[in-house]
Structure formats: structure tokens, C-alpha cells
Amino acid sequence: MIDPMANITPQGPVGPGGPSPNDDNTVVEAKDVCDFQAMKYNELKMDRIKSFMGIVSGCCAGILGLTNGFGLLFFVLCHLVVNGVILMQINGDLEKFRGRSIKMNAFFMEGLQNCAMSFMLFWTLFYGLVYLF
């Protein structure tokens, strides 16, 4: 990926220290420009979305009165749907979005434990508020 804002062309940097855009004698390999702050922001944003999903799906499962396996199945389905929506938003290009290669199953499994804890907390809270009190 070449960042157009960094003034880097496949021939090299353009400007006072580099070749001019019309210089045909220079052959330099293309350089990828990674913005680590943007990658960190993307990961933080995905983590917040998944955490919010755990809270909302826990509230919904508690209000719906789901118990045992049905509640866990509801959580897994919500987790898969949210990860699918994230994949659609980034056009399935995890490497470009994350800045490193990642397997699809690792993408779907990351953050699962944290989301599950939030889900359990709100699932039991809302089930207790609606059906026990």
C-alpha cells in the first residue's frame, strides 16, 4: 500500500531529496507506509465494538429470558454477526486494516473472553431484574 499523502511514488520519494516525477532513470522498489497510530486506533475501535456487543447482547438475552445453552448460543451468534459486519466494513482485507497478516479464525476468536465476561454480567443482571424481582 502506498500512501499518497507521504509523497512516495513507486520510483521513490518526490521532492528536493528524491527524483522528480518525470525522471525515468531511477528504479526504486515501492515502499509501504504504515501508520501505527491508525492501526492501534483500528484495533481499539474493534475492541470497543465487540465489548459493546457483549453488553448489549447480554442485556437482550436477560430480557428475553434465555437460559443455559440458549443464552450461550445467542452470545455466539451475536459475536459472529458483529465480526461478520466488521469484515464487510473492511471488505475482508484484514491485513490492510490491521497492518499484519491474521488468520480468519484468529480474528473471530480475539476478544471473545472479554466479551463473554461482559455478556455474562449483563445477562445475569437483566435476567434477575426482569424475572426474579
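The values are calculated or read from the model by the stated rules, or taken from the named source; none is laboratory data. Quantities reported herein were computed from a predicted structural model and do not represent experimental measurements. Neighbour counts are summed over all protein chains in view; Cβ atoms, including those assigned to glycine, are modelled from backbone coordinates with ideal geometry. All accessible areas refer to the heavy atoms of the entire protein, side chains included, with ligands and DNA or RNA removed. Shrake-Rupley method; radii C 1.70, N 1.55, O 1.52, S 1.80 Å.
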- Residue pairs within 9 Å by beta carbon, gap of at least six or interchain, first lying in the range 25-53 and under 16 Å from F107 (Cβ atoms), second modelled with pLDDT under 80 and open to solvent by 100 Å² or more (accessible area, probe 1.4 Å), listed first then second, are M39/R100
- Query: Is it the case that M109 is within 15 Å of L77 (Cα to Cα) and open to solvent by 60 Å² or more (accessible area, probe 1.4 Å)?
  - Reply: yes
- Note on the structure: Filtering helices (runs of 4 or more DSSP H) wholly in the range 20-100 for at least 2 residues that are in contact with a helix residue (DSSP H, G or I) (Cβ under 7 Å, 6 or more places away or on another chain) and either at positive phi or at pLDDT below 90 (or both) gives 36-64, 94-98
- Message: Can you pull out every residue in the range 80-133 that is touching a Gly at 6+ places or on another chain (Cβ under 8 Å) and of a type outside the set (A, V, I, L, M)?
- Response: N114, C115, S118, F119, F122, W123, T124, F126, Y127, G128, Y131
- Item | Qualifying residue in the range 119-128 (condition: over 24 Å from A38 (Cβ atoms) and touching a Phe, Trp or Tyr at 6+ places or on another chain (Cβ under 7 Å)) | yes
- Of the residues that sit in the range 84-99 and are touching a residue at least 24 places away in the same chain (Cβ under 8 Å) and among the charged types (D, E, K, R), which one is least open to solvent (accessible area, probe 1.4 Å)? R98
